[in-house]
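Note sheet for the following structure.
The values are calculated or read from the model by the stated rules, or taken from the named source; none is laboratory data. Computed from a prediction, not measured in an experiment: that's the story for all the values here. Cβ atoms come from the backbone with ideal geometry, glycine included; neighbour counts cover every protein chain shown. With ligands, DNA and RNA removed, areas are computed over all heavy atoms of the protein, side chains included. Shrake-Rupley method; radii C 1.70, N 1.55, O 1.52, S 1.80 Å.
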Amino acid sequence: NFVLCALLITGIFSCQQKDSANKPEYTLRFGHLANEQNIWHLAALKFADEVFQRSEGRILVKIYPNEQLGKEMDMITGILGGSMDIMVTAESLENWSLPLAIMCATPYAIKDSDHLQKVAGGPIGKEIEQHIINISGLKPIAWFERGARNLTTNIPIRHPDDLKNLIIRVPNVSLFVATWSGLGAKPTPMAFSEVFTALQQSTIHGQENPFALIRNAGLYEVQKYVNLTEHVKGWAYVVMGNKKFESMPADLQNIILESAKVMQEYEHQLFLEQEELDAQFLKDKGMEFIEVDKEAFIELAGKAVMEHFTEEQRRMYRRVQEV
Ligand code: 2Q2
């Protein structure tokens, strides 16, 4: 009996030992609002794989799509509170007293992809990232170029005059509320995962997003038109809680940053292919693409943005225009 007990205890110990040898030192929870087909999710998987391989299993990244860890605003709070670690976010950051973060989604501020790369990937982008770390405690570790945001509705919209009395959902972003009010609509802030149902129940009449998220949320089932306002050409950040990042040893911090670079490059390659595919997918699902009077949108939206901006934001906006 004694021998049997000894063998049993040794067996259990060696399993635990083996198990603890493979048990990761860090498990990072990575949330986002897109679904598993979205390139943000594929990029997150790439990041998780890179981190696991490079750290030889010391860091495990678990990914939660579809706002499983909470609505976007709750995920930001979650990271700052330590209940999760990484997420994709963008203009919602303005709610954490980050006036300059809104440059990543300011209507008609970024001209095109080339201009975006120079702003987000250049000195202004670095300045915005530092601003985010210093003020909010969120550390941007990567950024993703996004397709232009377009307005979807069930009546064709060719001119801002057509927006009268239309209730348009926007993310929880005061600049978006100001912009769509200035365009003549009735904007209502709402979490992304609630948009489909609200459209189905006609409590809202439209929403605005890049093709990727229009496709992602199946909005082609409840919206007829994609009105090509292209009112925001922007980018999103992958942010990590700076406290968690700083608590990791330097070698693991480097692995996080190197893996984030690989993720960003991988996502950008997917993005370049995906935009066209998403547009065609929406057309194949019966959505009708409507050309709009872009000048009329630019004029009214521009006025609303400038009225809403602080002097600091107007200064940054002017610098962005000079890039
Ligand atoms: O409409 C939305 O909620 C999204 O397109 C947001 O812009 C998005 O959530 C970004 O803040 C990045 O997550």
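Nonpolar atom fraction for region 98-225, defined as the carbon and sulfur part of the 1.4 Å probe accessible area, stands at 51 percent. Relative to the dominant Cα principal axis of the chain, helix 311-322 is inclined by about 90°. Determine the alpha carbon to alpha carbon distance for each of LYS139/LYS261; LYS46/LYS139; LYS126/LYS303; LYS71/LYS126; LYS111/LYS303 and list only those over 23 Å. Going by Cα-Cα distance, LYS126/LYS303; LYS71/LYS126 fall outside the 23 Å limit. How big is D, in µm² s⁻¹, for the chain by Stokes-Einstein at 10 °C and 1.306 mPa s if Rh is the Kirkwood radius over C-alpha pairs? Answer, rounded: 76 µm²/s. Based on Cα atoms of region 222-298, Rg over Rh with Rh as the Kirkwood radius reads 1.19. Over the chain, dividing the summed -39,500 (n - 2.57) contributions of all DSSP H runs of at least 4 residues by the number of residues returns a 222 nm mean residue ellipticity of -15500 deg cm²/dmol.
Split the chain at each of the GluC sites (Glu not before Pro) in a DSSP loop with at most 10 other beta carbon atoms within 10 Å, and the longest piece is 57-290. Here the Karplus curve 6.51 cos²θ - 1.76 cosθ + 1.60, taken at θ = phi - 60°, turns the phi angles of region 223-230 into couplings of 9, 9, 10, 9, 8, 6, 5, 6 Hz, with x standing for Gly and Pro.
Relative contact order for the chain: 24 percent, from Cα pairs under 8 Å spaced at least 6 residues apart, divided by residue count. With a cut-off of 11 Å between beta carbons, the residues surrounding LEU175 carry a summed charge of -3, where Lys and Arg count +1 and Asp and Glu -1.
Per the Cα gyration tensor, region 43-171 maps to an equivalent ellipsoid with semi-axes of 30, 19, 16 Å, ordered largest to smallest. Ligands, DNA and RNA are left out, and with a 1.4 angstrom probe the accessible area of the chain is 45 Å² per residue.
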